[in-house]
Amino acid sequence: MKIAMIGTGYVGLVSGVCFSDFGHEVVCVDKDPAKLDMLRAGQVPIYEPGLQELMARNMESGRLHFSSDLPAAVSEADAVFIAVGTPARRGDGHADLTYVFAAAEEIAHAIDDYTVVVTKSTVPVGTNRQVQEIIARANPQADFDVASNPEFLREGAAIDDFMRPDRVVVGVQHERAAEVMGEIYRPLFLRDFPIVTTDLESAEMIKYAANAFLATKITFINEIAALCERVGADVKLVSKGIGLDNRIGNKFLHAGPGFGGSCFPKDTKALARIGQEHGVSMQITETVIKLNDDIKRRMVEKVTDLCGGTVNGKTIAVLGVTFKPNTDDMRDSPSLTIVPALVGGGAHVRVVDPHGRREGEALLPGVQWLENAYEAAENADAAVILTEWNEFRALDLSRLAGVMATARLADLRNIYNRGDAEAAGFIAYVGVGRR
């Protein structure tokens, strides 16, 4: 199959590369000349393990190309995927569909033969119908179908998620479109990965419902963690105890500083907004949004209490600022709330992150960037673990405590425990939801 991927952001680039590895001929389209130059040189503009190597292999095979010529790519394609950004709109939290609708307009004028136009971007329910209307209005003679194919990629594990998915969701109106989508995903079908075929609206809703549920699960265990601290329970044991129930499962039950990233914050806000527009109060989702903000502020209080009630004049080493490990993504990371609050409280903040500096320098003004945890902790009054990168999971705690002016550790990812920290020389330790 010939595929045009409109947009080379996270979703578009990963999807385009993986489709080419399925054996399809893929043209990834973008308007940014600098990004295209980088991609054509075999360099990826994001950090995603394994992506650069997979991209290079498929470029060498001749199946993967990068272009700014949207009309040419679309006119040759059997399927055109829209994978442009849908950021939360300022003011109301609704998904901004400007780029989606602009792409649909351009695609309409370039369609020659029968084409399936597939929305890969996360979009509110009803968007695919609007895309269909835009294309039909712009080019009444166009022979096309619209399909919804939401992505479920975890940053840091995106290639594995694409190649070995829990499920693939495809929303279509007609059998002809279903056949094209079936051919595109044939390599997964042959290996018995579930392909869920639905109507357009159900496919759109599945994406939002899945992310809202996972965000709720994270927020639930963080709320339980707060109660554990008051009653003397250990949230890690509680998580294990409830996670062994097959009806609950153990995923997304790790207490911490709240969720962030490119999906959960904007998708929960968008779902709440969709509910408002249709007269359905999404009370659970709205509460999750509020509680997640509260959790981040509670982390600031933890660090402040650890430092004796004030961070003014204290030197604090912050280990990790991306929203999760194995990504350089800073979008809605808890660090964007916690670090500025520490700086605003008068702390001198030193930051270490394996891949967060490129975005983080602009987003976290007033901090000092260093290369490793021990350098950052030298003569510091406290160390704060914000992101569970592997290098922070394997710290020499005795060495870390030994270089600090006052050995205090705020382990906001519960990597270590109080006994190990105290044995290593820390005079104070605080986790999340633990004794």
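On the stretch given as segment 1-45, residues that are without any contact (Cβ under 8 Å) to a residue 60 or more places away in the chain, touching an Asp or Glu at 6+ places or on another chain (Cβ under 7 Å) and in a strand (DSSP E or B) total 0. Can you find even one residue in segment 340-352 that is assigned by TED's automatic domain parsing to the domain that holds Asn292, assigned to a loop (DSSP other than H, G, I, E, B) and closer than 25 Å to Glu422 by Cα? Yes - at least one qualifying residue is present in segment 340-352.
Look at (1) touching a strand residue (DSSP E or B) at 6+ places or on another chain (Cβ under 9 Å); (2) crowded, with 17+ Cβ neighbours inside 10 Å; (3) modelled with pLDDT of 95 or more and you find that Ile427 fails only one, number (2). The residues of segment 256-313 that are over 18 Å from Tyr208 (Cα atoms), out of contact with any Ser or Thr (no Cβ under 6 Å at 6 or more places or on another chain) and not in a helix (DSSP H, G or I), listed by number, are Gly256, Pro257, Gly258, Cys307, Gly308, Gly309, Thr310, Asn312, Gly313. The set of residues in segment 91-125 being on the phi > 0 side of the Ramachandran plot and surrounded by fewer than 14 Cβ atoms within 10 Å (Cβ to Cβ) consists of Gly91 alone.
The listed residues are Thr406, Thr387, and the only one of them that is in contact with a Ser or Thr (Cβ under 7 Å, 6 or more places away or on another chain), in a loop (DSSP other than H, G, I, E, B) and under 20 Å from Met299 (Cα atoms) turns out to be Thr387.
The values are calculated or read from the model by the stated rules, or taken from the named source; none is laboratory data. Just so you know, these numbers come straight off a predicted model, no measurement behind them. As a convention, Cβ positions derive from the backbone with ideal geometry for all residues, glycine included, and neighbour counts pool all protein chains shown.
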